[in-house]
Amino acid sequence: MDLTGLRVLVVEDERKVARALQEGLLREGCVVKLASSGEEGFFEAMSGEFDLILLDLNLPARDGLEVLQTLRKRRVSSPVLVLTARDSVEDRVLGLETGADDYLTKPFAFAELVARMKVLLRRGHDDVSDTLAVSDLELQSATRSVTRNGVPVHLTAKETDLLLYLMLHKDQIVTRAMIARDVWHDTQRATPLDNVIDVHIAHLRKKVDDGRPVKLLHTVRGIGFVLTQKKP
Ligand code: CA
């Protein structure tokens, strides 16, 4: 599933975060509208013309939860993904009870946001599972658990982010610059991350491919990496 043409409302008062989200979503082909306060977000959302709403909770003028509550009361049914720095179970429960469809704690990898968005949109249409797969390698995007041929593969959080990103771009070559930008959120590249990325790729490859007849994670010399079951 791709996000091309998806109409997304981003309600976020931190300009840097809002702009980063906008840029990322535009790259995915989405049509993006930004709202920088709860009030503005509420009125935009009331138009009902969005396929998905990304809603920050800590907002000026009107708190995110209040916005959400009012929208649901007014029967605005667009899926809402709550983005928040509040990392507490109560907030999470409160958010979901208020009518959020999913919840992501800041900071998060953009790739993870995209994966969650896809899960939400699929949920809205049919009941396709939220499993990403390349050959017998599977990643459950909700629980972030990984298996190969049914056997659990234990990854660190960063390795999981990296695998998720590669899975979302399966059969496509991913450059180190793309990984630095989207997985490490390093847009300046003042300190080149290449070595760090290579180390993580090496660990990931070891866990995913070692001892398997079919290798999935390949290095494309001089360019980057590709996760594929075809021979690159
Ligand atoms: Ca905020």
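General observations
- Fully extending the segment from Lys231 to Arg122 would add 36.3 nm, taking 0.36 nm per residue of separation and subtracting the current Cα-Cα distance.
- Of the solvent-accessible surface of the range 1-86, computed with a 1.4 Å probe and all protein chains present, 46% belongs to carbon and sulfur.
- Long-range HN-HN contacts of Ser145 with modeled amide H, under 5 Å: Gln140
- Value of D in µm² per second that Stokes-Einstein yields for the chain, Kirkwood Rh from Cα pairs, at 25 °C (0.890 mPa s): 131 µm²/s
- Expressed to the nearest 5 percent, the antiparallel share of DSSP beta bridges inside the chain is 50 percent.
- Fraction of accessible area attributable to carbon and sulfur, the range 131-227 (%, probe 1.4 Å): 54 percent
- Exposed trypsin sites (Lys or Arg not before Pro) absent - longest run of the chain, DSSP non-H/G/I/E/B, at most 15 other C-beta within 10 Å: 1-73
- 3J(HN,Hα) along the range 154-168: 8, 10, 6, 4, 5, 4, 5, 4, 5, 5, 4, 4, 5, 5, 5 Hz, from the Karplus curve 6.51 cos²θ - 1.76 cosθ + 1.60 with θ = phi - 60°, whole Hz, x for Gly and Pro.
- With Cα atoms as the point set, the range 40-87 shows a radius of gyration and Dmax of 10.1, 30 Å.
- The residues of the chain present an accessible area of 51 Å² per residue when probed at 1.4 Å with all protein chains retained.
- Alpha carbon Rg of the range 131-227, scaled by the compact-globule rule 2.2 N^0.38 Å: 1.03
The values are calculated or read from the model by the stated rules, or taken from the named source; none is laboratory data. This one's a predicted model, so the numbers in the text were calculated from it and none came from an experiment. So basically every Cβ, Gly included, is an ideal-geometry build from the backbone, and we count neighbours across all protein chains shown. We work out accessible area using only protein heavy atoms, side chains counted, and drop any ligands, DNA or RNA first. Shrake-Rupley method; radii C 1.70, N 1.55, O 1.52, S 1.80 Å.
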